[in-house]
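Notes follow the structure.
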Amino acid sequence: MDSMITNPIYCGDFVYQRYYVTDTITGRMTENRGELPQYTIKDDHPAIVSREDWDAAQQIMNNRSENRKGSKKRRHDRKEFFNVFHCSECGAPVIHVRSSKGGVHYWRCRTAEKKYLEETCEVRGFREVSIEHTFMALLQEMKKDDGFRDNIRQALKELIPNESERKQLEQVKEDMQQLYYKLYDTVEEGEQQGGDPTQIKEITGQIVFLQNQIYDFENREQNCLEAEKDLEWFLEELEGIQEFKPDKERIEFRPDIFSKIVEKGVIHPDGRIVYDLKFGMQLTATGNEKMVWRLKMKRKARKKKK
Ligand SMILES: [Zn+2]
């Protein structure tokens with residue numbers, strides 16, 4: 001993700017020779033750190049994000065790396081929920097809010113909370129405690145479901161790029177290599193005879209298109225590799241989840257599991273949360289509308305006496 005945010009391609013600039021080929025047989029690319037001249041072609045192609053957004057993202061990235069050392073404002077603890085939930089009704093992000101009396105933590109659709117004039121949404125907020133509780137109940141369901149382990153492993157298998165996709169990628173890399181040669185020639189010719197900016201633009205446009213396909217593929221592959229490891233970790237952790245009766249008691253929330261397995265969640269007005277897991281599976285947690293904060297925490301299981 002970070003490499004996407006810092007790649008100028010996404011704001012419409014194409015930096016010619018940002019990378020160059022160090023091995024012409026494998027097509028291996030190396031970042032150009034001044035070994036070869038770089039040209040930036042501003043507003044070269046339609047931007048994937050606006051220049052403003054892109055500049056803002058750079059700002060945030062810079063601040064973030066500065067903040068790592070320096071002082072930070074204390075944020076809300078349940079950071080695992082940030083940027084995870086969306087509203088089923090309007091699609092807006094679900095944000096953290098705190099009630100004025102009692103300081104209870106809620107998560108609510110941003111549109112509904114901010115009451116924008118141009119758009120409205122009526123979805124209520126749900127208590128953080130409820131979201132945590134129904135997530136733990138969902139984990140318990142997974143644990144008790146006999147077919148779950150096989151099903152989720154199978155779901156992940158289907159996400160992994162297959163042989164024909166791999167072959168396609170090799171072709172894309174080959175095509176891109178050819179385009180780079182063409183670009184070199186065109187730029188060189190241009191230097192001698194005044195140049196043809198439309199042709200350069202056309203070629204760079206094609207390169208950007210192919211480059212994005214390669215990025216997407218590589219991201220996907222990388223994500224799958226990580227997901228495979230995470231899945232085995234998760235299935236092991238699942239075994240250790242304390243059994244409880246979700247209607248009668250609560251157990252401690254597991255933020256580590258939540259952030260390892262949840263890709264995103266869509267919150268519905270009736271209190272359902274539809275989770276997309278990172279392993280290519282969708283599961284629904286129910287009961288967020290219930291007053292679970294009244295339930296007592298279950299005591300940690302003590303070792304049974306023999
Ligand atoms: Zn909404």
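Rule-based calculations on the coordinates, nothing more; no lab input. Predicted model only: the values in this text are computed from it and were never measured. Neighbour counts run over all protein chains shown; Cβ positions are idealised from the backbone, glycine included.
Compute the FRET efficiency between Asp196 and Val172 as 1/(1 + (r/R0)^6), taking r as their Cβ-Cβ distance and R0 = 35 Å, and round to the nearest 0.05. With R0 = 35 Å, the Cβ-Cβ based efficiency is 0.85.
Full extension of the segment from Lys229 to Asn83, taken as 0.36 nm per residue of separation minus the current Cα-Cα distance, would add 50.3 nm. In this simple spin-label model, placing a label point 7 Å from the Cα along the Cα-to-Cβ direction at both Asp276 and Tyr184 gives a separation of 4.0 nm. For Glu249 and Val104, a Förster radius of 25 Å and the Cβ-Cβ distance give a FRET efficiency of 0.80, rounded to the nearest 0.05. Among residues other than Pro93 with Cβ under 12 Å from its Cβ, the summed charge is +3 (Lys and Arg +1, Asp and Glu -1). In the structure shown, the pairs Lys157/Lys298; Lys79/Lys290; Lys101/Lys144; Lys144/Lys298 are assessed against 29 Å; a Cα-Cα span above that value is assigned to Lys157/Lys298; Lys101/Lys144. Charge tally for Phe244 (other residues, Cβ to Cβ under 14 Å; Lys, Arg +1; Asp, Glu -1): +4. Residue-wise HN-Hα couplings along region 150-159, as the Karplus relation 6.51 cos²θ - 1.76 cosθ + 1.60 with θ = phi - 60° gives them from phi, are 5, 4, 6, 5, 5, 4, 5, 4, 6, 7 Hz; Gly and Pro carry x. Placing pseudo-labels 7 Å out from each Cα toward the beta carbon at Lys300 and Phe209 gives an inter-label distance of 6.0 nm. Here the Karplus curve 6.51 cos²θ - 1.76 cosθ + 1.60, taken at θ = phi - 60°, turns the phi angles of region 209-220 into couplings of 4, 5, 4, 5, 4, 5, 4, 4, 4, 5, 4, 4 Hz, with x standing for Gly and Pro.
Listed peptides 158-165, 130-137 appear in the order 130-137, 158-165 once ranked by packing, highest mean of other Cβ atoms within 10 Å at the front.
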